[in-house]
Structures are given as structure tokens and as C-alpha cells.
Protein chains: 2
Amino acid sequence: MPAPIDFHFDFSSPYGYLGAELIEAVAARHGRTVNWRPLLLGVIFRETGGAPLTEVPLKGAYSKRDFERSARFHGVPFRMPSRFPVPAQAPSRIVLWLRGKEPALAGRVAKALYRAYFVDDRDISDPDVAAAVAARAGVDAAAARAAVDDPAVKDALRREVAQAIAAGVFGSPFVIVDGEPFWGVDRFPQLDRWLAAGGF
Amino acid sequence: MPAPIDFHFDFSSPYGYLGAELIEAVAARHGRTVNWRPLLLGVIFRETGGAPLTEVPLKGAYSKRDFERSARFHGVPFRMPSRFPVPAQAPSRIVLWLRGKEPALAGRVAKALYRAYFVDDRDISDPDVAAAVAARAGVDAAAARAAVDDPAVKDALRREVAQAIAAGVFGSPFVIVDGEPFWGVDRFPQLDRWLAAGGF
């Protein structure tokens, strides 16, 4: 079995959402699976001096336009959430908790949470909302809600983010496969060729 | 005649160089011409708080890898210059001076200057080197060298950069066509579809 694709994403990242909608097709074309790795960009920005795109002069206005256009380009439904960005701890902990016990479900729930935020404008930073969305995707609601406050899951998320930083992750989406890093959904064509050719 | 594609680029930008190698094919597919618009990213970064990619923590190491990989992906020869970044005033003034008098030659000379820097590792920030490269691309060497110190050309470059900032340009390459902005060579697929479909 070839190694899975590490797909690092922040739940507040529009490009992360587009990547989440597209990564499984890329993986499937090359017989790979996806390892869903939630990320907290805020923690990373404190180390790198980065900032949310939408808050950077000039880049901010362009970015909002590019989110919408990139979504249309890829045929993915998108609506800029009324609250943006939001803290991603609650949905991230649910995905991480699930990955440990039902890996196959983790991707389905991650995509459901992303769509709740970027299509239905639901505030997934609210643990009750996040648990309800996960429940609709097939997870036990009470268990998902409990995972958000579980100290072991909180620790697991801290470790996950620390590992990502140690691996050089600084944005979302960020893919690492066979040691090769790809930042951004706009690098998926390179990722696709890399997987097809075993590097180029 | 449809409007030309405004192609904004900084001579120290590796992605700008890749864009310069690729933009004319995109333009030609849609019956457009390219308006070569040199840019000084340093001036823009002072306004936006940006910094050269290679100097940003984590992003720096990734970027150098991505420059090389993106060049291979697009089939463009590339070697990271030994001095990077360099001030882009000299080559920018030559291109701007040429654009005013022989627009058809401006693109050829811009690409020759970019290749001198990103393939042959020549320091194009040196006015004599820049003029010599332009001369090999078909321009009078003495006239090109004189343009670098011409107060009118210096003024023209200041105006060019101010216009770019006013138009929302904040990176390189940056394409604007029919009022639609595209940042990065990785947006060329969107640019291509935009020109084919008249927007999407």
C-alpha cells in the first residue's frame, strides 16, 4: 500500500474547503487514501508572523474575489460566511477524535463541517453546531459533543498542530505526500502529476 | 480589437519569470496582446507590509523548492540566482523606455532580461549588464544604457508603479484584463478560461 496523502487544513480556510472537496478525486486516481489533518492557522501565524489573507492590505479585497471565482472555477458551491474567520477548535477536535476511531468517517464529517460553514453559513466554532453537523453525517451526537471538551482530544489537537509546524506546514490546504510538500489548492495539478510520475 | 492583457511583473520574481514565459501563449489563444508592465515589489511591500517570500519563516524554504518544481512543471529552465532578490530599476526602466517607442520589442527584451537573471545568473540590476542583455535582444546598447539614467524614464517607472498600486496590484506576476485581476502564474488556468468564456 502506498502511503496516504497528508491533507492539512484549517476549518476557517476557504482554499482548505476547496481542497477538501477536490483532494479525494486526486488521491483516488493514484490509489491513495487521504489522511485528514486539522490545523489551527492562528497558532502557526503566531510563529510565522502570518495573518488571515482577508486582513492584509490590498490582498484582502482580491482574496475575497478569488475565493468566489476559484469556487466557480472548480464547480464547488461557496458562500462567504457572515462570521469569518472563526476559531476551528471544535470541528477540528471532532475530526481528530473520529480519525482515531473511524478513519473512513473522518473525511465525510470534515467535508460536512466545511460545507456547513462555507455553504450554509453555520457557525461551526460553536461546539453544539459542530456536533449537530457531525451527527447528520453519521456520528453519535453526544459522543461528538463530548469529544470537544475531552482533555485527551484537546491534547491530540495540540500535538497535531505541533507536528504540522515541525513538518513545515504554514498554510491551508497543505499536502505532504512521500515527503513532498504542496501548498494550496492551486498546486493540485502539480500534486497530480507528482503522484502519476513518482516525482518530476 | 480586444484590450491587451496587462502583465505586471517584478524582475526579481521567480513566478514573474515563469509568467513571462507563459503569458504570450495564453494571450495568443484568445487574440490578445500583452502589455508588459514592470513593477517594483519593494515599493509595494512598504505599503502592504509584505516581504520577499524567501525571507518569511517556513514559507522561505518551501518557496525555493516550489520555484524549481514549478519551473520543471511548466518546462521552463530555471536556476536560483546567486544574488537574490536584486533591485529591478535598471531592467524595468529599459523595458518601460522601449515600450514607449517599440512596444513589440518590449516583451522580447523583458524575457531576455528575465532569462539572463533566472537562467544565466547574470546580475541584471547592474545597468551595464541590463543594457548588454537588451542589446543582444536587438536594442541599441548605448540608448538602452542611457535610458537607465534618464530622469523622464525614472519618472515613468515611478508613475507605472503608482498606477499598479492604484489598480490593486500587490504581487508578481499580476494580470489584469477587462478589469479582472489574476494574481500568480497558478491563476493562468482561470485567466485562460476567463478569456475563452468572457468571464465565468
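Read the figures in this text as sums done on the coordinates, not as results from a lab. What you see is a predicted model, and the numbers here were worked out from it, not measured in a lab. Don't worry about glycine lacking a Cβ; one is built from the backbone with ideal geometry, like all the others, and counts go over all protein chains shown.
Order by neighbour count: B:Glu55, A:Glu24, fewest other Cβ atoms within 10 Å first, most last.
Values: B:Glu55 10, A:Glu24 16.
Fewest-to-most Cβ neighbours within 10 Å comes out as B:Glu55, A:Glu24.
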## Note on the structure
Charge dipole of segment B:1-79 built from unit charges on the beta carbon (Lys, Arg +1; Asp, Glu -1), centred at mean Cα; most positive-end Cα among B:Ile5, B:Ile44, B:Ala71 is B:Ala71
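Work out, step by step, the length gained on full extension between B:Ala61 and B:Glu24: first 0.36 nm times the residue separation, then minus their alpha carbon distance; give nm to one decimal. Don't skip to the end; give the middle numbers.
Numbers: separation 37, 0.36 × 37 = 13.32 nm, distance 3.00 nm.
That pair, B:Ala61 and B:Glu24, stretches by 10.3 nm at full extension.
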### Query
Once phi is turned into ³J(HN,Hα) by the Karplus curve 6.51 cos²θ - 1.76 cosθ + 1.60 with θ = phi - 60°, what whole-Hz value does each residue of segment B:80-85 show in order, with x for glycine and proline?
4, x, 6, 10, 7, x
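Which whole-number percent is the relative contact order of segment B:1-102 (Cα, under 8 Å, 6+ apart)? Write out the running numbers ahead of the final one.
Numbers: 88 pairs, mean separation 32.5, N = 102.
Computed over segment B:1-102, the figure is 32 percent.
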### Message
Taking B:Pro103 in one copy and the same position in all the others, each labelled 7 Å out along Cα→Cβ, what are the pairwise distances from the first, in nm, shortest first?
### Response
5.8
### Task
Using a Förster distance of 56 angstrom, determine the FRET efficiency expected from the C-beta separation of B:Ala146 and B:Thr48, and round it to 0.05.
0.95
### Query
Taking the Cα centre of chain A as the origin, how large is its charge dipole in debye, to the nearest 20, when only Lys and Arg (+1) and Asp and Glu (-1) carry charge on their Cβ atoms?
260
### Message
Measuring from the axis that superposes chain A on chain B, report the chain A residue with the minimal C-beta distance, rounded to whole Å.
### Response
A:Asp186, 2
### Query
Put +1 on the Cβ of each Lys and Arg and -1 on the Cβ of each Asp and Glu in segment B:28-143; which of B:Pro57, B:Phe84, B:Val129 then has its Cα farthest toward the positive end of the dipole?
B:Pro57
### Query
When only Cα pairs under 8 Å and 6 or more residues apart are kept, what is the percent relative contact order across chain B?
29
### Query
Separation between the B:Val86 and B:Ala104 pseudo-spin-labels, each 7 Å from Cα along Cα→Cβ, expressed in nm?
2.9
### Query
What does the charge dipole of segment B:90-200 about its Cα centre add up to, to the nearest 20 debye, if the Cβ of each Lys and Arg holds +1 and the Cβ of each Asp and Glu holds -1?
160
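Quick one: B:Phe200, B:Phe45, fewest Cβ neighbours within 10 Å first, how do they rank?
On the way: B:Phe200 10, B:Phe45 14.
Sorted ascending by nearby Cβ count, the order is B:Phe200, B:Phe45.
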### Query
Placing a label point 7 Å from Cα toward Cβ, how far apart in nm is A:Val119 from its equivalents in the other copies, listed shortest first to one decimal?
4.7
### Task
Partner chain Cβ atoms within 10 Å, averaged over the residues of A:58-64 - can you pull that number for me?
5
### Query
For the protein assembly as shown, what's the radius of gyration and Dmax over Cα atoms, in angstrom?
23.1, 78
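For the protein assembly as shown, give the magnitude of the charge dipole about the Cα centre (Cβ charges: +1 Lys/Arg, -1 Asp/Glu; no others), in debye to the nearest 20. Don't jump to the answer; show the numbers that get you there.
Working: 50 positive and 46 negative charges, 75 e Å.
With only Lys, Arg, Asp and Glu charged at Cβ, the dipole is about 360 debye.
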### Task
Compute the label-point distances linking A:Ala197 to its equivalents in the other copies; points lie 7 Å from Cα along Cα→Cβ; give nm, one decimal, shortest first.
2.8
#### Entry: Of A:Leu195, A:Val109, A:Ala143, farthest towards positive along the dipole that unit charges on Lys, Arg, Asp, Glu beta carbons give the protein assembly as shown
A:Leu195
### Averaged over A:181-191, number of beta-carbon atoms from partner chains that fall within 10 Å
4
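What does the charge count around A:Gly31 come to, taking other residues whose C-beta lies under 15 Å from its C-beta (Lys +1, Arg +1, Asp -1, Glu -1)?
Local net charge: -1.
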